[in-house]
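Working notes, structure below.
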Amino acid sequence: MMSKYQMPACRKKTTIGGQAIIEGIVMKGPEKTCVVVRKPDGTLETNERETKNYAKKFKILGLPIFRGAVSLFTAMKEGLEDIEYSSKFIEEEDEEEQPSKFETWLENKFGTEKLEKIIMAVAMVIGIAIPVGLFMLLPSFVGGLLPAQTPNVLRNFFEGILRVVIFLCFMWMVSHMKDIRRTFEYHGAEHKTIFCYEAALPLTVENIRGMPRFHPRCGTSFMFVLIIVATLVSSIVFSIVTVTNPFLRALTHLLILPLVVGISYEFNRYAGRHDNIICRMLRFPGLMIQHLTVFEPDDSMIEVAIEGMNHVIPADDSDAW
């Protein structure tokens with residue numbers, strides 16, 4: 001078995017990516033996206049859909065920097081929808097809990113379908129607000145509370161360290177939640193399956209089991225890169241324009257966030273595509289962070305990943321990177 005940090009011999013780089021959800025995996029190819037969920041009875045529930053490509057309709061969204069922001073927004077929106085879909089298959093309690101009066105009123109007021117859309121919209125806003133608030137705005141706000149005479153370099157360094165500390169603490173706490181751990185094991189199955197496919201080996205449980213679980217294009221690595229890039233970009237911005245007010249510093253970070261996301265995406269894309277010594281050094285911190293979000297899967301989880309992968313591999317090799 002190869003080292004957990006060693007990338008297997010790559011025969012083909014693919015644009016296919018994935019995401020772990022509740023008792024399942026989403027695999028996203030250039031043409032199809034497939035959601036596979038392991039139901040309580042052990043069978044697999046599969047749901048296919050066409051992969052949305054906004055760059056085909058709006059060319060500018062396919063350009064560097066722009067495509068990063070679009071990819072992140074799309075991934076978060078579709079990810080929440082897929083998590084909501086997979087949650088429907090969780091085994092219910094023997095005695096079904098009765099809805100509260102407030103829940104009944106909401107359903108009567110808006111209707112079941114409209115209420116679900118409202119809940120998803122609120123969930124998406126919260127899903128975006130929490131990481132942006134914790135990892136971007138909170139450190140900027142705290143940095144603004146430092147004495148006005150604090151040098152910009154020191155202020156930006158403090159904010160960067162605070163971002164990393166908050167991110168690591170948050171990931172550590174989440175990784176120790178029992179239910180989330182199983183999702184992170186599915187995350188490992190997704191990585192291993194993509195590695196196996198890129199090595200041009202048959203997608204079997206035995207072949208995939210021997211693959212490393214830390215992938216350079218992982219979303220965890222992307223988030224860590226995002227934090228580092230945010231610190232570097234803000235250092236440049238605040239070296240030109242001095243902003244010490246905590247609210248204005250937080251607002252400035254919010255305004256430059258699309259640029260930060262775009263640069264981070266391009267960095268992660270480049271580092272994941274190449275395997276020279278410089279790229280290995282650059283992506284090493286991200287691989288270390290994956291110790292908190294990517295765990296070894298069992299064979300049943302690997303089977304889910306194989307099912308999803310087989311549904312999204314295109315016949316015309318259009319996933320080649």
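The values are calculated or read from the model by the stated rules, or taken from the named source; none is laboratory data. None of the values given here were measured: they were computed from a predicted structure. Note that we place each Cβ from the backbone using ideal geometry, even for glycine, and neighbour counts take in every protein chain shown. Remember, those area values only see protein heavy atoms, side chains included, never the ligands or the DNA or RNA. Shrake-Rupley method; radii C 1.70, N 1.55, O 1.52, S 1.80 Å.
Structural remarks
- Number of the exception - residue 243 against (1) hydrophobic (A, V, I, L, M, F, W, C); (2) surrounded by fewer than 22 Cβ atoms within 10 Å (Cβ to Cβ); (3) closer than 23 Å to residue 73 by Cβ: (3)
- Of all residues in segment 52-70, those being among the β-branched types (Val, Ile, Thr) and either assigned to a helix (DSSP H, G or I) or without any contact (Cβ under 8 Å) to a residue 60 or more places away in the chain (or both) number 2.
- Qualifying residue in segment 175-192 (condition: in contact with a Pro (Cβ under 9 Å, 6 or more places away or on another chain), crowded, with 20+ Cβ neighbours inside 10 Å, among the aliphatic types (A, V, I, L, M) and touching a residue at least 24 places away in the same chain (Cβ under 8 Å)): yes
- A count restricted to segment 215-235 and to residues that are open to solvent by less than 10 Å² (accessible area, probe 1.4 Å) and more than 25 Å from residue 20 (Cα to Cα) stands at 2.
- Of all residues in segment 257-273, those that are surrounded by fewer than 21 Cβ atoms within 10 Å (Cβ to Cβ) and touching a Ser or Thr at 6+ places or on another chain (Cβ under 7 Å) total 0.
- Residue match in segment 152-160 (condition: open to solvent by 40 Å² or more (accessible area, probe 1.4 Å), touching a His at 6+ places or on another chain (Cβ under 9 Å) and modelled with pLDDT under 90): no
- Selected residue (only one of 30, 40 is over 20 Å from residue 178 (Cα atoms), at pLDDT 85 or above and in a loop (DSSP other than H, G, I, E, B)): 30
- Only helices (runs of 4 or more DSSP H) whose full extent lies in segment 164-254 are considered here, and the ones with at least 2 residues that are charged (D, E, K, R) are 178-198, 205-209.
- Residue 258 being more than 21 Å from residue 211 (Cα to Cα) and either within 17 Å of the chain's Cα centre (by Cα) or touching a residue at least 24 places away in the same chain (Cβ under 8 Å) (or both): yes
- Residue tally, condition open to solvent by less than 20 Å² (accessible area, probe 1.4 Å) and either part of a helix (DSSP H, G or I) or not hydroxyl-bearing (Ser, Thr, Tyr) (or both), over segment 284-294: 5
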